[in-house]
Amino acid sequence: MSEREKNFPALRERLRSECERIIAQYEQKRSALLPLMHLFQAHEGFVSPQAMQAAAEMLDITPAEVEGTVSFYTLLYPRPVGKYMLQVCRGLACSINGAEDVMASFRERLGIGHMQTTDDGLFSYEEVECLAACDRATCMQVNLEFAYDVTPQKIDGMLDAMRAGSYAVAPMAQTESPERTWAIPQDAQVAGGKKSQGARGVPRPDNAGGVGDPSGVIMLDNIVSRDVKFFTGTNERAIVDSRAVVETVEEEGARAGH
Ligand code: FES
């Protein structure tokens, strides 16, 4: 059992009244899930399995419901991460405003990629979807605090300040050492048939309009050439759906005595 796990019961006891205060603010207990997870994350540096279990017990919900919620948001870290969690937005507005260059600079300066942590455990890096600050693109979050109008020129200064402990955002608690990566091993998933090549950015005719078809050209080809497979699927669905509508109307007509 790790030191953090040994200390968890004492932490839970210490946070008990704060948890009760948060829960009392909501009509339904389960609504307190996100604030509770943020509270534990602030103390442990991530949302630990013990914190999720504690939340499930306090809120009378299942551990699976807690885990499903925690794993949905990039604002919650369900694994140990660096003292500085750097999350760069790669949404549309930020991409148009130079996110590609910002992301390339971070990767180069840190020597790590998406969903990875530096060996000294200081930085974790992740590229995330729209952070809802599109008017200040390109933007990012450092330990959930916003940094706006980020450019490659600003990055060295930011990282230097974090290393020196003088950055405006404090480092997070780190109660467990992070792993080097938390990325899904995509090659293994593709080899095992759990993921298509298309999901790795490889263009495929059956991946029209999705990842691997960023310009939509595969989708356009399908439409222009009236690809048989593509349209057969669509037509079959349309026929089945329209039959269902006719049957429902007829049944209701019969019930009404028409
Ligand atoms: S696209 Fe980056 S904040 Fe919306």
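Bear in mind these aren't lab numbers, they're just calculated from the coordinates by the rules spelled out. Just so we're clear, the structure is a prediction, and the values are computed from it rather than from any experiment. Methodologically, a virtual Cβ is constructed for each residue, glycine included, from the backbone with ideal geometry; neighbour enumeration extends over all protein chains shown.
Worth pointing out:
- Distant-in-sequence amide contacts of residue 122, defined by a placed amide H-H separation under 5 Å and a gap of 5 or more residues or a different chain, comprise 83.
- Farthest positive-ward along the stretch 54-114 dipole, Cα basis, beta-carbon charges - from 75, 64, 104: 104
- Cβ-Cβ distance of residue 153 and residue 34, R₀ of 35 Å, FRET efficiency by 1/(1 + (r/R0)^6): the value works out to about 0.50.
- On a per residue basis, the convex hull of the C-alpha atoms belonging to the stretch 3-70 measures out at 72 Å³.
- Among 62-70, 177-185, 30-38, the peptide with the highest mean count of other Cβ atoms within 10 Å heads the list, and the full ranking is 30-38, 62-70, 177-185.
- Peptides 155-168, 103-116, ordered by how many other C-beta atoms sit within 10 Å of their residues on average, highest first, read 103-116, 155-168.
- The phi-based Karplus calculation (6.51 cos²θ - 1.76 cosθ + 1.60; θ = phi - 60°) puts the 3J(HN,Hα) values of the stretch 57-68 at 5, 5, 9, 6, 10, 7, x, 5, 5, 5, 5, x Hz, whole numbers, x for Gly and Pro.
- Taking every alpha-carbon pair within the stretch 84-164, the share separated by more than 14 Å comes to 56 percent.
- Residues whose amide H falls under 5 Å from that of residue 147, counting only those 5 or more places apart or on a different chain, are 140, 141, 142, with hydrogens built in the peptide plane.
- 1, 140 arranged by Cβ crowding within 10 Å, fewest neighbours leading: 1, 140
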